Amino acid sequence: MAELNQKTPETGKKKIRSRKMAPKVDLTAMVDLAFLLITFFMLTTTLNRPSAMDIAMPDKTKSEVESPILIDENRTATLILGEGKFMWYHGDYKKPISSSKVAVNIEKELSTVIAQLKAKISTMPNTKDMIVLIKPSKEARTKDLIQTIDQLKKQRISRYVISKTQIEEERKLLAAL
């Protein structure tokens, strides 16, 4: 049992009066409560779980040169990112189903272009969902790439690839931006 006792100081010879008892404070209840609270918070507290974005990385055992990945051209749309602007084409670069003739501002037009492409691809025969190839140039800002991915998420497009490789014609097209 925990107690807090205070002794009365003894002083020389003085007249002895009635002795006052030292106050006693029982600390048992407070110690019990403290341990109960500590135990409660230890058992009920959860730590933040680390969260990270899932990224699907390509298999390193097979190279693209040996076995290229074949994708239906009707399903693919390519976005070529420049600094604050982008160009797009649907299908193959050499024979596009549709494409942009001029560079378009990312902040103003990206959502409408993606929505139009998604609607067009979903109406084509024998197509499942849209696949977007994002090809940022050296001039493209990180902000542009993030805005592009955000717009794809808003449009609920789950299949997209960020590619470093650009063909020579695409580089020339970007130089004109």
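The values are calculated or read from the model by the stated rules, or taken from the named source; none is laboratory data. None of the values given here were measured: they were computed from a predicted structure. Keep in mind that these areas ignore ligands, DNA and RNA; they rest on the heavy atoms of the full protein, side chains included. Shrake-Rupley method; radii C 1.70, N 1.55, O 1.52, S 1.80 Å.
Numbers below:
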| item | result |
| --- | --- |
| Amide hydrogen neighbours beyond the local backbone of residue 85, cut-off 5 Å, H modeled | 106 |
| Under-5 Å amide H pairs with residue 134, H placed in peptide plane, nonlocal only | 79, 161, 162, 163 |
| Area accessible to solvent at residue 40, 1.4 Å probe radius, in Å² | 110 Å² |
| Three-way shape label, the range 91-177, alpha-carbon gyration tensor, a/c 1.5 | oblate |
| Rounded D (µm²/s) - the range 66-110, Kirkwood Rh over Cα pairs, Stokes-Einstein at 4 °C, 1.567 mPa s | 112 µm²/s |
| Across 85/128; 94/153; 135/172; 101/154; 95/154, pairs whose alpha-carbon gap is larger than 22 Å | 85/128; 94/153; 101/154; 95/154 |
